[in-house]
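Coordinate-derived values only; no laboratory data. Since this is a predicted model, take the numbers as computed values, not measurements. Reconstructed Cβ throughout: ideal geometry from the backbone, glycine too, with neighbour counts over all protein chains shown.
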Amino acid sequence: MKIIIAGSGAMGSRFGLMLHRSGNDVILVDGWKEHIDKINNDGLQANLNGEEVVEKIPAYHQDDLADVDFSADLVILFTKAMQLETMLKSLQPCLAEETKVLCLLNGIGHEDIIKNYVKFENIFIGNTMWTAGMDGPGRVTLFGSGSLDLQNLGAGKEEAAKEITKVLSEAELHANFSEDILASIYRKACVNGTMNGLCTMLNSNMTEFGGTTYADDIVEAIVTEFVTVAKAQNIELDQPAILAQIKKCYDPETIGLHHPSMYQDLIINNRLTEIDYINGAIVRKGKEFGISTPYCAFLTQLIHVKEEILGAK
Ligand code: NAD
């Protein structure tokens, strides 16, 4: 299959590398020139579960796509949320009538943007439990295993979704066809919408936060806002199950001692966060449905204040 990885940072590199290794015709597209140049000169370098590998995959800057003769069967979107719209504009020369576009970004409501650039029946959305880390231009660390769920948005496109699932699974990405992807996306967003923003603001890992007297009340208040907004869109979520899932993050024996990715983006790497597409998305959708979302609104504002104080880019 001819596949464009649109947004080839940590996660895009992982998917690009695994899909290329399984025999697909893959190109990497990204907006970070140094990264693209390094991949084209030295190959994509990865520490893949402790083994050093180099994969030669053609890489292009997103501003140079007009001259690229590559009509994709599938585009996998893996930008950060705030880079999505610019990437969609850049991709236009590579989108044919039948090109399918799969969005795997974290966060809520990306389809509202994608549908302005891609035919609705060609849009597929998913979420993934794979992880990846960027070490520097041209170099990533890919540890552990994962999986992903995906579904078609357009009516009658189940077979196309299953075909994408098959290609991803052949690359050992462990893809599953979901009957209810929006609920799955919301469930993951509840975890990100609590752990990410709170641990970033509080300068804590998840075990430290979860051990405080106030953790349960704050988490429940935020999750209630997510669940209420989801319900207004006919997305049913099991709130007790989500709260139990979040509590598992506090376990120091598993992931509790880690700082969530937003902490790493903002505090460690001084980068802007995806808060507007997690808690901020709940505020926007809450307004649409007349639902009050004070916890999500306050957390979104606090993170933006912190971005400004730190001069994040
Ligand atoms: P990333 O930050 O590694 O890459 C996103 C974009 O930022 C890429 O275009 C990349 O080239 C650019 N970038 C990265 N570092 C840069 C630097 N120092 N200077 C300039 N540009 C730089 O993002 P990601 O982790 O691949 O995440 C992509 C999407 O996947 C996000 O929505 C994220 O929430 C989601 N996600 C990430 C993980 C993970 O483990 N990383 C897991 C699940 C979902």
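From the residues in segment 161-176 that are surrounded by fewer than 19 Cβ atoms within 10 Å (Cβ to Cβ) and touching a helix residue (DSSP H, G or I) at 6+ places or on another chain (Cβ under 7 Å), which one is farthest from residue 2 (Cα to Cα)?
If we take residues in segment 161-176 being surrounded by fewer than 19 Cβ atoms within 10 Å (Cβ to Cβ) and touching a helix residue (DSSP H, G or I) at 6+ places or on another chain (Cβ under 7 Å), then 176 is farthest from residue 2 (Cα to Cα).
In segment 142-149, is there at least one residue being touching a Lys or Arg at 6+ places or on another chain (Cβ under 6 Å) and of a type outside the set (Gly, Ala, Ser)? Outline the logic, then answer.
Just the residues of segment 142-149 that are touching a Lys or Arg at 6+ places or on another chain (Cβ under 6 Å), to begin with: 142.
If we keep only those that are of a type outside the set (Gly, Ala, Ser) too, we end up with 142.
Among the residues of segment 142-149, at least one is touching a Lys or Arg at 6+ places or on another chain (Cβ under 6 Å) and of a type outside the set (Gly, Ala, Ser), which makes the answer yes.
With respect to the numbered conditions (1) buried (at least 18 other Cβ atoms within 10 Å of the Cβ); (2) over 19 Å from the mean Cα position of the chain (by Cα), which one is the sole condition not fulfilled by residue 120?
Of everything listed in (1) buried (at least 18 other Cβ atoms within 10 Å of the Cβ); (2) over 19 Å from the mean Cα position of the chain (by Cα), residue 120 misses just condition (1).
Within segment 136-148, count every residue that is out of contact with any Leu (no Cβ under 9 Å at 6 or more places or on another chain) and near the ligand (Cβ under 10 Å from one of its atoms). Can you show your working first?
Going residue by residue through segment 136-148, those that are out of contact with any Leu (no Cβ under 9 Å at 6 or more places or on another chain) are 136-137, 144-145.
Those left that are additionally near the ligand (Cβ under 10 Å from one of its atoms): 136-137, 144.
Here the count works out to 3.
Kindly indicate the residue of segment 95-105 that is over 15 Å from residue 159 (Cα atoms) and away from the ligand (no atom under 16 Å from the Cβ) and also surrounded by the fewest Cβ atoms within 10 Å (Cβ to Cβ) among those meeting that condition.
Within segment 95-105, the first condition is being over 15 Å from residue 159 (Cα atoms), and the residues that meet it are 95-97, 103-105.
Next, only the ones that are away from the ligand (no atom under 16 Å from the Cβ) stay: 95-97.
Values: 95: 20, 96: 10, 97: 7.
The residue in question is 97.
If you go through segment 21-74 one residue at a time, how many are among the hydrophobic types (A, V, I, L, M, F, W, C), in a strand (DSSP E or B) and in contact with an Asp or Glu (Cβ under 8 Å, 6 or more places away or on another chain)? Walk me through it before giving the result.
Taking segment 21-74 as the starting set, the residues that turn out to be among the hydrophobic types (A, V, I, L, M, F, W, C) are 26-29, 32, 36, 39, 44, 46, 48, 53-54, 57, 59, 65-66, 68, 70, 72, 74.
Keeping just the survivors that are in a strand (DSSP E or B) gives 26-29, 44, 46, 48, 53-54, 59, 74.
With the extra rule that they be in contact with an Asp or Glu (Cβ under 8 Å, 6 or more places away or on another chain), the set shrinks to 44, 46, 54, 59.
The qualifying residues number 4.
Quick one: in segment 116-130, which of the residues that are assigned to a loop (DSSP other than H, G, I, E, B) and closer than 19 Å to residue 164 by Cα is farthest from the ligand (Cβ to nearest atom)?
Step one: filter segment 116-130 for residues assigned to a loop (DSSP other than H, G, I, E, B), giving 116-119, 129-130.
Keeping just the survivors that are closer than 19 Å to residue 164 by Cα gives 118-119, 129-130.
Details: 118: 17, 119: 23, 129: 7, 130: 6 Å.
For segment 116-130, the residue satisfying everything is 119.
Would you check if there is a residue in segment 65-77 being within 13 Å of the ligand (Cβ to nearest atom) and in contact with a Ser or Thr (Cβ under 7 Å, 6 or more places away or on another chain)? Reasoning before the result, please.
Applying the first criterion (within 13 Å of the ligand (Cβ to nearest atom)) to segment 65-77 yields 76-77.
Then keep just the ones that are in contact with a Ser or Thr (Cβ under 7 Å, 6 or more places away or on another chain); that gives none.
No, that holds for no residue.
Can you name the residue in segment 78-88 that is closer than 20 Å to residue 3 by Cβ and assigned to a helix (DSSP H, G or I) and, of all such residues, is farthest from the ligand (Cβ to nearest atom)?
My answer is 88.
Among the numbered criteria (1) in a helix (DSSP H, G or I); (2) within 18 Å of the chain's Cα centre (by Cα); (3) surrounded by fewer than 17 Cβ atoms within 10 Å (Cβ to Cβ), which one does residue 146 miss?
With (1) in a helix (DSSP H, G or I); (2) within 18 Å of the chain's Cα centre (by Cα); (3) surrounded by fewer than 17 Cβ atoms within 10 Å (Cβ to Cβ) applied to residue 146, the lone miss is (1).
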